[in-house]
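Q: Structure incoming, see below.
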Amino acid sequence: MNTAQKVAIVTGASRGIGAALVAAYRELGYAVTATARSLDESSDPSVLTVSGDVSEPGVGARIVDATLTRFGRADTLVNNAGVFVSKPFTDFTDEDYDLVTGVNLTAATTEVPEGWRGQTVVAVVASMSREVCHRRAAW
């Protein structure tokens, strides 16, 4: 029986669902790497905090490297980081578009580390599209 402590990486961990996931994984006995663009240090020795914008190249690898250095393993990756720009899509600037696609799409699909086979990857996808488009949608 493998008694090694399992380790989860949670992106978007500074508040909301991400913060709740960090607490839930700790209750299950996992060590956790919590990451977000800005994040306070944790007083829990089993929680490693790593600040970083997952839409920037190399940040995902830095998070995984820090996790492996501290805990020696990583079993679960929860891609929870996400952003919402509160205006109609047709009013997006190039910067708005880059931010939304960089965090919500690119980071969630390309920052999964090489060799992650056998481990668990969870993508938390929240969308307000039904709320925004409900007047035009068929449902």
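The values are calculated or read from the model by the stated rules, or taken from the named source; none is laboratory data. From a predicted model like this one, the values you see are computed outputs, not experimental measurements. Protein only, heavy atoms only, side chains kept; ligands, DNA and RNA dropped before computing areas. Shrake-Rupley method; radii C 1.70, N 1.55, O 1.52, S 1.80 Å.
Q: Order ASP98, ASP40, ASP53 by their accessible area, 1.4 angstrom probe, all chains in place, largest first.
A: Listed by decreasing accessible area, they come as ASP40, ASP98, ASP53.
Q: Please list ARG70, ARG37 from largest to smallest accessible area, probe radius 1.4 Å, with all protein chains kept in place. Let's see the in-between values first.
A: On the way: ARG70 110, ARG37 145 Å².
From most exposed to least exposed: ARG37, ARG70.
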